[in-house]
1. If LYS168 satisfies every condition in (1) part of a helix (DSSP H, G or I); (2) of a type outside the set (Asp, Glu); (3) closer than 14 Å to ALA212 by Cβ but one, which is the exception?
2. Tell me which residues, restricted to the range 80-106, are open to solvent by 40 Å² or more (accessible area, probe 1.4 Å) and either over 22 Å from the mean Cα position of the chain (by Cα) or modelled with pLDDT under 95 (or both).
3. For the range 343-387, how many residues are of a type in the set (Ser, Thr, Tyr) and either in a helix (DSSP H, G or I) or free of Cβ contacts under 8 Å to residues at least 24 places away in the same chain (or both)?
4. Could you grab me the full set of residues in the range 72-99 that are touching a helix residue (DSSP H, G or I) at 6+ places or on another chain (Cβ under 8 Å), in a strand (DSSP E or B) and within 14 Å of the ligand (Cβ to nearest atom)?
5. Have a look at ALA273, ALA212, ALA260 and point out the one that is under 24 Å from the mean Cα position of the chain (by Cα) and within 16 Å of the ligand (Cβ to nearest atom).
6. Going by the structure shown, is ALA130 open to solvent by less than 40 Å² (accessible area, probe 1.4 Å) and either in the same structural domain as THR52 (by TED's automatic domain parsing) or in a loop (DSSP other than H, G, I, E, B) (or both)?
7. From the set of residues in the range 19-62 that are of a type in the set (A, V, I, L, M), more than 12 Å from the ligand (Cβ to nearest atom) and part of a helix (DSSP H, G or I), which is least open to solvent (accessible area, probe 1.4 Å)?
Amino acid sequence: MLIKNDPDIINSFLEDYSNIKGGFCDEVMFPETEEELSSALVDCSKAGIPVTISGAGTGVTGGRIPFGGKVISLAKLNRIKYIKPLKNGGAETLVGAGVVLEDLLGLAQSKGFFYPPGPTEKTSFIGGNAATSASGAGSFKYGTIRDFVLGLRVLLADGEILELERGKYIAKKRQLKLATVSGKTITLKLPEYVMPKVKNASGYYVKDDMDAVDLFIGGEGTLGVISEIKLRLLNKPEGILACYAFFSDEKDAVEFVYNAKEKGADHLNAIDALSLEYMDRHALEFLSRKHKNIPPNAKAAVYFEQEFSNGTESGIIDSWVALITKCHSEPANTWFAQTAKDKEKLAEIRHDLPDMVNEYLKKNNFSKVGTDIAVECKDLSLMLGYYNSTLTEANLSYLIFGHIGESHMHVNILPKDEAEHKRATEVYEILVKKAISLGGTPSAEHGIGKTKHKYLEMLYGEEGVSEMVRLKKQLDPYSILGLDNLFPKELLI
Ligand SMILES: Cc1cc2nc3c(=O)[nH]c(=O)nc-3n(C[C@H](O)[C@H](O)[C@H](O)COP(=O)(O)OP(=O)(O)OC[C@H]3O[C@@H](n4cnc5c(N)ncnc54)[C@H](O)[C@@H]3O)c2cc1C
């Protein structure tokens, strides 16, 4: 197995997009087979050496940053083993945890298939996506990665292998019985907390009568190492329409979204959005530093996509134009992508925003203060109003963008100095408290990692976190995996 301990390589594993500092480790291991991965875990377990699992390092909560011990990088488990068309349409694919999302998207597309759940960051690994329960723009219509995972291979801390297929291991109420490939049986007592009824990536996924696959999705490298993922693919649509609609009032943009979600209204009956993404006025101002053509008086924008087949495109465009007009945006101020190249350009603008925020923070040496809150659809306007009033009162620069179709938007605060950074983290907590009081979640897709422990405890209380600790210890009795992810490692002692 390739093992690296030269400082340059090690340093490249001590960062992600959380911008947290101080990580350190002895070496980075690059297993090329499941056997090598298993024996590395056995050795570390026996010696009590902490192991941090690394995907592509695009996470934003410090999950792959080690604070001691060794790193296991999944980069070499990067084979797409097959893409197999299914009789009833779509396909099944089996991929190594180190497959880059962009590579899977490209190959699937070339074979006539489509994988919509995201995330926006296409350089991430599928293993990292599964470990963080990632989602993206297409999740509005099709759900998160959870809705596409058919099975997982997971290596436990002691090197034992779990082969999980949907339907194979189902919990009875909150008890889950598993058998490893070698025949060892494990009985897990699952936590009793109730998850929020919104898209959620905060802590372990637990429910009565749940599938074991769902427990390991979103485990953030604390329960086991995902080595392989079996995914469902959809048939590639004949085309995807993409558009930016700009609004001179934020309320009109929100009205537009509510209408777009309400399919079936007569004159809008062709609308069936694949994605609905939002940018507030600050986000547009920030973006216009790079994209000079953004309409200067725009106060909000909604980016949307919709699949079409031959012959349906013009009816769909008519419906969207009717809605755009109804919500007081000007069709002349609307960017419809006509070609695949245009569409790529529009998607790039959406991707540039988090990238530019991350660049700003890196340049100014601040850790990320970006929310990942989701609330119920009925609370969207209320929450948006609350963000604006709270942040304006705190006199902080910020911008809001993200998955408005799922009432899941990222507030990114842009501090200018240390005092503002401190104030930003205080305000962040106020926003999370409000969301939780409404039944929302502090993290809908980025996970808790090392930066959001406090918010996980706010969501489930001390008892909820203790239940997670107990669950982790049942699967990782030596407490070596993903230390400080989800909760402080001191709780494991
Ligand atoms: C510009 C930008 C845009 C983004 N947009 C989105 C978005 O739209 N939606 C979204 O959900 N996220 C988004 N992200 C965050 C990030 O891309 C996702 O969280 C992604 O899923 C992380 O994958 P990764 O391979 O980079 O994982 P890493 O950052 O390497 O690791 C993330 C966590 O998963 C664990 N892990 C990684 N691989 C495995 C494995 N095989 N087994 C067990 N544990 C493992 C790690 O220990 C760590 O805790 C964005 C990030 C950036 C920088």
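1. Every listed condition holds for LYS168 apart from (1).
2. LYS81, TYR82, LYS84, PRO85, LEU86, LYS87, ASN88
3. Qualifying residue count, the range 343-387: 4.
4. ILE72, VAL95, GLY96
5. ALA212
6. Spelling it out, it is not the case that ALA130 is open to solvent by less than 40 Å² (accessible area, probe 1.4 Å) and either in the same structural domain as THR52 (by TED's automatic domain parsing) or in a loop (DSSP other than H, G, I, E, B) (or both).
7. ALA40
Here is a yes/no grid of residues against (1) on the phi < 0 side of the Ramachandran plot; (2) at pLDDT 95 or above; (3) among the charged types (D, E, K, R):
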position	(1), (2), (3)
VAL154	yes, yes, no
ALA179	yes, yes, no
THR185	yes, yes, no
TYR193	yes, yes, no
ALA201	yes, yes, no
ASP209	no, yes, yes
GLY218	no, yes, no
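The values are calculated or read from the model by the stated rules, or taken from the named source; none is laboratory data. From a predicted model like this one, the values you see are computed outputs, not experimental measurements. With ideal geometry, Cβ positions are generated from the backbone for all residues, glycine too; neighbour counts draw on all protein chains shown. The area values use the complete protein model at the heavy-atom level, side chains included, leaving out ligands, DNA and RNA. Shrake-Rupley method; radii C 1.70, N 1.55, O 1.52, S 1.80 Å.
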